[in-house]
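**Q** My structure is below; once you've seen it, I'll send some questions.
The values are calculated or read from the model by the stated rules, or taken from the named source; none is laboratory data. Computed from a prediction, not measured in an experiment: that's the story for all the values here. We place every Cβ from the backbone using ideal geometry, glycine too, and count neighbours over all the protein chains shown.
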Amino acid sequence: MNSMLNDTRPIYALCFQEEGARICVGSLGVTKIEVYEEPWEEYTHVWFAVWTGNMIWQRINGCIVGSIEYKLKEGA
């Protein structure tokens, strides 16, 4: 199993701990969601960059994300 930071599958949606709250590729102009790490003091935190077109619309701290949905393979 890959860690989130090494997983190359495209992320389709971020689902938040609040029931039903999510951000999806293809909704609200979102074109891509990427995971990355951001060092802070002696810790490293997981963050998500939410893209609209060629710019980052928002950055979301991974601690508030309840689950991640990956894009299914075409034809699956």
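**Q** State which residue is nearest to ILE56 (Cα to Cα) when the search covers only segment 1-40 and only residues that are of a type in the set (Asp, Glu) and in a strand (DSSP E or B).
**A** The extreme case among them is GLU34.
**Q** Residue by residue through segment 23-50, note down the ones that are within 18 Å of GLY66 (Cα to Cα), among the β-branched types (Val, Ile, Thr) and in contact with a Cys (Cβ under 9 Å, 6 or more places away or on another chain).
**A** Scanning segment 23-50 gives ILE23, ILE33, VAL46.
**Q** A further question follows. It is to be established whether one or more residues within segment 48-55 are modelled with pLDDT of 85 or more, of a type in the set (A, V, I, L, M), surrounded by fewer than 12 Cβ atoms within 10 Å (Cβ to Cβ) and part of a strand (DSSP E or B).
**A** Yes: segment 48-55 contains one or more residues that are modelled with pLDDT of 85 or more, of a type in the set (A, V, I, L, M), surrounded by fewer than 12 Cβ atoms within 10 Å (Cβ to Cβ) and part of a strand (DSSP E or B).
**Q** Evaluate the following for GLU38: is it loosely packed, with under 12 Cβ neighbours inside 10 Å and over 21 Å from LEU72 (Cα atoms)?
**A** Against the criterion (loosely packed, with under 12 Cβ neighbours inside 10 Å and over 21 Å from LEU72 (Cα atoms)), GLU38 does not qualify.
**Q** Please go through segment 3-35 and pick out each residue that is surrounded by fewer than 10 Cβ atoms within 10 Å (Cβ to Cβ) and among the acidic types (Asp, Glu).
**A** Residues satisfying the conditions are GLU18, GLU19.
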